[in-house]
Amino acid sequence: MASMLEGSGLGLLKGMAMTFRHLFRRRITTQYPEQKLTLSKRFRGYTLVWDKERCTGCATCAKSCPQGNIEIVTSKGTENDYVVEKFQLDSGRCIFCGLCVESCPYDALFLGMEYERSSYRRGDLVLSRDKLLFTPDKQRSAYARPKLEPGLPRQTLLIEGDTGSKKR
């Protein structure tokens with residue numbers, strides 16, 4: 001009987017020691033809506049970023065999409081070129097494989113760094129050219145575009161905490 005009490009008392013002390021050890025450690029979680037981690041530079045985000053100036057309307061991205069989620073409508077331009085009338089992505093069906101980005105010969109399509117894409121309506125997930133258009137406030141991912149890497153912020157990890165001072 002005495003050995004059972006010693007065993008349970010020892011287990012209790014071990015549990016308390018572990019609790020106190022973790023009680024005074026620095027927290028590694030983030031307070032999500034207020035604090036956001038910087039993602040990997042080659043993160044395949046849940047949106048596409050389209051550069052209208054670089055796009056020639058060749059539709060290589062639409063042809064390479066395994067789901068057929070990209071719709072491009074072009075018209076003949078004045079200088080024997082194409083003008084993109086419609087560029088649309090059904091992001092609700094997109095698997096974000098990145099094949100469209102990899103296949104674009106003019107570097108006009110990028111995966112974005114955005115990861116909050118929830119919606120209450122299915123129709124809101126169909127993105128028109130205005131929502132996909134490249135603007136300075138949209139961050140482009142360096143996925144399949146390694147030349148963008150130096151301009152992107154360094155990835156933060158949970159174990160670095162708020163300061164980001166620890167190196168891995």
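The values are calculated or read from the model by the stated rules, or taken from the named source; none is laboratory data. Keep in mind the model is a prediction, meaning the values are calculated, not measured. Please note: Cβ atoms are built from the backbone with ideal geometry, for glycine as well, and neighbour counts cover all protein chains shown.
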Practice problem: Please list, ordered by first then second residue, the pairs with beta carbon atoms under 7 Å, 6 or more apart or interchain, first in the range 45-62 and closer than 8 Å to Ala108 by Cα and in contact (Cβ under 8 Å) with a residue 12 or more places away in the chain, second part of a helix (DSSP H, G or I) and not aliphatic (A, V, I, L, M). | Solution: Trp50/Arg129
Quiz item: Looking at Glu102, is it assigned by TED's automatic domain parsing to the domain that holds Lys52 and under 30 Å from Arg26 (Cβ atoms)?
Solution: no
Self-check item: Members of the range 64-117 that are touching a residue at least 40 places away in the same chain (Cβ under 8 Å), among the basic types (Lys, Arg) and touching a strand residue (DSSP E or B) at 6+ places or on another chain (Cβ under 9 Å)
Solution: Lys86
Quiz prompt | Matching residues in the range 28-53 - criterion: being touching an Asp or Glu at 6+ places or on another chain (Cβ under 6 Å) and of a type in the set (Lys, Arg) | solution = Lys41
Quiz prompt | Members of the range 1-42 found to be at pLDDT below 80 and either closer than 19 Å to Glu116 by Cβ or part of a loop (DSSP other than H, G, I, E, B) (or both), listed by number | solution = Met1, Arg26, Arg27, Ile28, Thr29, Thr30, Gln31, Tyr32, Pro33, Gln35, Lys36, Leu37
Quiz item: If you check Leu23 against the conditions, is it hydrophobic (A, V, I, L, M, F, W, C) and either surrounded by 10 or more Cβ atoms within 10 Å (Cβ to Cβ) or under 30 Å from Lys138 (Cβ atoms) (or both)?
Solution: no
